[in-house]
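Beneath this line is the structure, given in structure tokens, with notes to follow.
Nothing in this text is a laboratory measurement; each read-out follows from the coordinates by a stated rule. Since we're looking at a predicted model, the values are computed, not measured. Note: ideal-geometry Cβ built from the backbone for every residue, glycine included; neighbour counts use all protein chains shown.
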Amino acid sequence: MPTQMQMVTSADYPPYEFRDTASGNKIIGFDVDIANYIAKELGFELKISDTDFNGIIPALQSGRADFAMAGMTPTAERKKNVDFSGIYYEAKNTIVAKKGSNLIKPQDLAGKTVGVQLGSTQEEAAKTLTKEVKGMPTKSLNKTSEIIQEVKAGRVDAAIIEDTIAKGFVAANPDLEFKTIPNTEEAGSAIAFPKDFPFVNDFNRVLEEMKESGKLEGLVNKWFGDGKETATPAGEANNSALSFARIAPSIPFILRGLGTTLLFTALSALFGFIWGTILSLFKISNIKPLTWLANAYTSVFRGTPLLLQIALVYYATPQLTGYDIPALVAGVITFTLNSGAYISETIRGGILAVDKGQREAALSLGIPYKPMMLDIILPQAVKNILPALVNESIALLKDSALVSTIGVADLLRRAQIVGAEKYIYFEPLLFAGAVYYVMVMFLTWGGYALEQRLQRSS
Ligand code: ARG
């Protein structure tokens, strides 16, 4: 048995797993308690990481995690890719809809749009249902809180969600109701492992023991029982007006993402600039293969979505190289590679715009290439393209929010976490939006001031 094991989860699923943001950044819940108990019994130290639900199986396959607990149901399809423990909790699916909409059984969903979580068994269930229930378009979203928001906004008519989860959301949103779908197949939860994981039996043994000793039932009561200790904000559910008061205790938690966002942006901007400069020199060089390479590079990185590049770098690197890279590093690498492609064009333009005579003068004075570029041409080029560089930094700052998709706890991610914990949506996002805006304003002023100074000094 290793001394330490990494568990991956998707902490958007109270009371199975969610963040307790008022008291730091801890992931708590039913699954976490079980995992802790197993860790204690088997004598390993438990580490927990967080990702979107559809990133869980890739995390196991890439060796980024040793096991996953996320209210995850063993399905035939998943069993092709991962192994499962025995079921530790049985659940049922429900139909969540606006109060009074009278959607009670699956047949009522004919002609209705139904929201589900991407990659979940509920998505499967909805697909199966569309075979019987005619005209039932489905919409798959990343987070349960997003699905609930869609129901509230009337953009989907109903959502298919597990009973225990539905209960919490309905308690926090009195305009919603839920109805259990009888005889749901495939809704229980089990622990998932990478294929051929050597300790499945040990985990199963502890689970059995927990069932026999009543430990498991105790946890079920603690998290799912009526006197439960869930994240449901007791009695303060308020739906019509925006209620920032509800997120107030979590604002420090969101603001702590500021450091991550700024650090990320600064590193990416710096490395991107360096890399972009190198690429631009390749582009204007006389050595054909270098020019060709830099152009091909730019066309690939400009020609594919940044979001896709992030996912590839983060998930593919461990699989290809055998080395794990932290999400933040994967993000900085991707942004450097991507931003370098854009900046190289800007810098190339800037260099070409510097009067040709300067180059000729330098050459005729016998100044070698390197000092000529570094001391004469590049400083002038950078001055010309300063507004474009400020633009690029602003873009980087805002695009940095994309790293939230691989689990970096930046500003946006933290806002989403608070939303999931409090079962609300707008308020944390609005707050994060305001913070981004203020940061961009500072950048804009900073860039402007710098420009003024360079202007004066010329
Ligand atoms: N039980 C469902 C499944 O296995 C949903 C689980 C979603 N879990 C989560 N942490 N969001 O697909």
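With the cut-off at 1.5 for a/c, could you classify segment 1-91 from its C-alpha gyration tensor as rounded, prolate or oblate?
It comes out rounded by the Cα gyration axes.
Starting from the Cα gyration tensor of the chain, take the square roots of the eigenvalues, sort them a ≥ b ≥ c, and report rounded, prolate or oblate (rounded when a/c is under 1.5, otherwise prolate if a/b is larger than b/c, else oblate).
Here the chain falls in the prolate category.
Which FRET efficiency value, to the nearest 0.05, is calculated for A449 and L290 with the Förster distance at 25 angstrom and r the Cβ-Cβ distance?
According to the calculation, E is roughly 0.10.
Quick query: amide H of I48 versus all other amide H atoms, modeled in the peptide plane; which residues come in under 5 Å with a sequence gap of 5 or more or a different chain?
M7
Compute from the Cα atoms of segment 406-458 the Rg and the Dmax, the latter being the longest Cα-Cα distance, and quote both in angstrom.
Gyration radius and largest Cα-Cα distance of segment 406-458: 17.0, 56 Å.
Which peptide among 284-296, 247-259, 28-40 comes first, and what is the full order, when sorted by highest mean count of other Cβ atoms within 10 Å?
Ranking, from highest mean packing down: 28-40, 247-259, 284-296.
Nearest 500 deg cm²/dmol is fine: what mean residue ellipticity at 222 nm does the chain get from its DSSP H runs of n ≥ 4 alone, each adding -39,500 (n - 2.57), divided by its residue count?
It lands at -17500 deg cm²/dmol.
Over the Cα atoms of segment 322-458, compute the convex hull volume and normalise it per residue, giving Å³.
127 Å³
Using a simple spin-label model with points 7 Å from Cα along the Cα→Cβ vector, what separation in nm is obtained for A361 and I274?
Each label point is offset 7 Å from its Cα along the Cβ direction, giving 3.1 nm.
If r is the Cβ-Cβ distance from L263 to F426 and R0 is 30 Å, what FRET efficiency results, to the nearest 0.05?
The calculated FRET efficiency here is 0.65.
Can you compute the charge dipole magnitude of the chain about its Cα centre, using +1 on each Lys and Arg Cβ and -1 on each Asp and Glu Cβ, nothing else charged? Give it in debye, rounded to the nearest 20.
So the magnitude is around 1560 debye.
As I understand it, the value is the acute angle between the Cα axis of helix 121-132 and the longest principal axis of the Cα atoms of the chain; what does it come to in degrees, rounded to 10?
Helix 121-132 and the main axis of the chain meet at about 70 degrees.
Could you tell me what fraction of 2.2 N^0.38 Å the Cα radius of gyration of segment 127-220 comes to, as a two-decimal ratio?
Rounded to two decimals, the normalised Rg is 1.44.
Kirkwood-based Rg over Rh for segment 1-154 (C-alpha set), two decimals?
Answer for segment 1-154: 1.01.
Only sites in a loop by DSSP and with at most 15 other Cβ atoms within 10 Å count here; which GluC sites (Glu not before Pro) in segment 13-121 make the cut?
Loop-located and lightly packed - E90.
Considering only DSSP beta bridges with both partners in the chain, what is the antiparallel share in %, to the nearest 5?
60 percent
Between N183 and T3, with labels modelled 7 Å along Cα→Cβ, what's the label distance in nm to one decimal, could you check?
In this crude spin-label approximation the distance works out to 5.3 nm.
Tell me the relative contact order for the chain as a rounded percent, counting alpha carbon contacts under 8 Å between residues six or more apart.
Computed over the chain, the figure is 18 percent.
Over segment 336-426, what is the relative contact order in whole percent, taking alpha-carbon pairs under 8 Å and six or more residues apart?
26 percent
Just subtract the alpha-carbon distance of A388 and V440 from 0.36 nm times their residue separation and send over the number in nm, one decimal.
Contour length minus the Cα-Cα distance gives 17.3 nm.
Using packing as a proxy for protection, rank 302-312, 142-152 so that the peptide with the highest average count of other Cβ atoms within 10 Å comes first.
Listed from highest to lowest mean packing, they are 142-152, 302-312.
Report, largest value first, the span of the C-alpha coordinates of segment 99-162 along each principal axis, in whole Å.
27, 26, 18
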